[in-house]
There are 2 protein chains.
Amino acid sequence: MKVLIVFAHPEKQSLNHSLLEVTTNYLKEKNHEVKVVDLYAEHWKAGIDQDDFLNHDRGTRLYAMRDSGSAFSAGMLSEDIKEAQAKLEWADLIIFQFPMWWYSMPALMKGWIDRVLTQNFAYAGGKEFKNAPLAGRKAFIISTVGVTEDYYTKGKLGEIDEVFFPIQHGTFSYAGFKVLPAIIGYNADSRKSNCFEITSKIIKERIDNIDNVKPIYD
Amino acid sequence: MKVLIVFAHPEKQSLNHSLLEVTTNYLKEKNHEVKVVDLYAEHWKAGIDQDDFLNHDRGTRLYAMRDSGSAFSAGMLSEDIKEAQAKLEWADLIIFQFPMWWYSMPALMKGWIDRVLTQNFAYAGGKEFKNAPLAGRKAFIISTVGVTEDYYTKGKLGEIDEVFFPIQHGTFSYAGFKVLPAIIGYNADSRKSNCFEITSKIIKERIDNIDNVKPIYD
């Protein structure tokens, strides 16, 4: 299996970074191929702008969506976007790993999604969900949160799949990915929680059972 | 009324920018005070990192949340964050205006939320929702989407309040804001849709009725 891990955390000594190593090492141990995109290490540019589209005529009005599509089709996206798209096309499985910040992903990862999932590459008129150009790939989230699992219930913070609805449905499923359930490390800020051990175990089980896990969006 | 508009769009000639002008001009016409934060114009830095916290000892492990809280309490946040927080504290109403990208806000605006809503400023242990330090302010979204309103229904793209759940509930309500319904300009990419005229009218009505609109999260 070819696995792309898109990772966003500013701290190398973090729990998230340790979990990234667990995932990477275990995938390699099981003879999978792994590529990691470390967005902080790469100083990933977060904002879509006219520099992304090398065929965009400066001074004319920018239409972020359709200009992304025409730049993709003309091979005129900026180098960083092209490289990211090549990695995504290469992968059978994409893992998005990040600490949950404000009930979503860190801005740098949103900027990866905004800039890499261009029109014509990830969707086009009538080519969304199961008909999307990237369809068939699997994707899931590995995330960490500060609180215990019982906070993520309806009427409190919301169930995880409510919180991740724009990402898992609106983004991953829209782009044609089969979305496997998110893996969440709860109580990540407490040293007593064994979050690292528990989450590492779940990650390894997920890798072992990757072919048998039922998607939440298929 | 003191109104802060946080705005993210890369194009000055865009529909979004025209709607920003409508909002700003109408608020002034009605004798409200307005401040605009234009995130693209400001080249807003999107990613939280150790440069945000001037009291952070380089080389030691960064804990994004608790370090943001201690930097806030010590007056040691970076200048851009301090300025943004001052504007937010000043405001009675905060409008977040952006094109919907991947069923959420553009990365630069997520970066504003990630970096400005620090611990102790926007929340603290037990100080969330109605008890949050910023409680009592009103907030709402003005956004534009490419498709017609009927796409935003359950089972398709999801109802708007499902899509915006992490923002309206997880962020605005968590930070203590009374959240008014989002204003959405549908069919924004079609010249025939009159999106500008329709949305401008709704914005003006919202401003006229601001005291009487029932919050979706109170």
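The values are calculated or read from the model by the stated rules, or taken from the named source; none is laboratory data. Please read all numbers here as calculations on a predicted model, not as lab measurements. For neighbour counting, all protein chains shown are included, and Cβ atoms are generated from backbone atoms with ideal geometry for every residue, glycine included. Calculation scope for accessible area: heavy atoms of the full protein, side chains included, ligands and nucleic acids excluded. Shrake-Rupley method; radii C 1.70, N 1.55, O 1.52, S 1.80 Å.
Table for the structure above
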| item | result |
| --- | --- |
| The protein assembly as shown - Debye-derived log10 I(q)/I(0), Cα point model, q = 0.08 Å⁻¹ | -0.43 |
| Of every Cα-Cα pair in chain B, the percent that sits beyond 32 Å | 18 percent |
| Nearest-first distances (nm) between copies at residue A:59, label 7 Å from Cα via Cβ | 5.2 |
| Contour excess over end-to-end distance, with Cα ends at residue B:135 and residue B:29 and 0.36 nm allotted per residue | 35.4 nm |
| Furthest towards positive pole of dipole, A:131, A:152, A:183, structure part the stretch A:119-218, Cβ charges | A:131 |
| Net charge contributed by nearby residues that have their C-beta within less than 13 Å of residue B:80 (K/R +1, D/E -1) | -3 |
| The stretch B:1-55, relative contact order [Cα under 8 Å, separation at least 6], % | 48 percent |
| Label point distance in nm, residue B:80-residue B:205, each placed 7 Å from Cα along Cα→Cβ | 3.8 nm |
| Heavy-atom accessible area order for B:12, B:110, A:30, largest first, 1.4 Å probe | B:12, A:30, B:110 |
| Dipole of the protein assembly as shown, positive direction: furthest Cα of A:213, B:120, B:102, with charges on the beta-carbon | A:213 |
| Most fluctuating residue given options A:80, A:51, A:161, as computed from a GNM of chain A linking Cα atoms under 10 Å | A:51 |
| Residue B:188 long-range amide H proximity, modeled H, under 5 Å | B:145, B:146, B:147 |
| Shielding of A:157-167 by partner chains, average beta-carbon count, 10 Å | 4 |
| Sum of side-chain charges, residue B:132 neighbourhood, beta-carbon under 14 Å (Lys, Arg +1; Asp, Glu -1) | +2 |
| Apportionment of accessible area to carbon and sulfur, chain B, percent (1.4 Å) | 48 percent |
| Where labels lie 7 Å past Cα in the beta-carbon direction, separation of residue B:57 and residue B:149 in nm | 5.8 nm |
| At 7 Å out from Cα toward Cβ: residue B:193 inter-copy label distances (nm, ascending) | 4.0 |
| Innermost chain A residue relative to the axis carrying A onto B, by Cβ distance in angstrom | A:46, 2 |
| Chain pair B, A: total accessible area buried, heavy atoms, 1.4 Å probe, Å² | 3600 Å² |
| Mean ellipticity per residue at 222 nm, deg cm²/dmol - from DSSP H runs of n ≥ 4 across chain A, formula -39500 (n - 2.57) | -9000 deg cm²/dmol |
| Point-charge dipole on Cβ atoms (K/R +1, D/E -1) for the protein assembly as shown, about Cα centre, debye to 20 | 440 debye |
| Dipole moment magnitude, nearest 20 debye, the stretch A:44-153 about Cα centre, only Lys, Arg, Asp, Glu C-beta charged | 260 debye |
| Debye intensity ratio I(q)/I(0), log10, the stretch A:112-156, q values 0.18, 0.27 Å⁻¹ (C-alpha model) | -0.71, -0.98 |
| Theoretical gain in end-to-end length, residue A:197 to residue A:161 [0.36 nm per residue, Cα-Cα removed] | 10.6 nm |
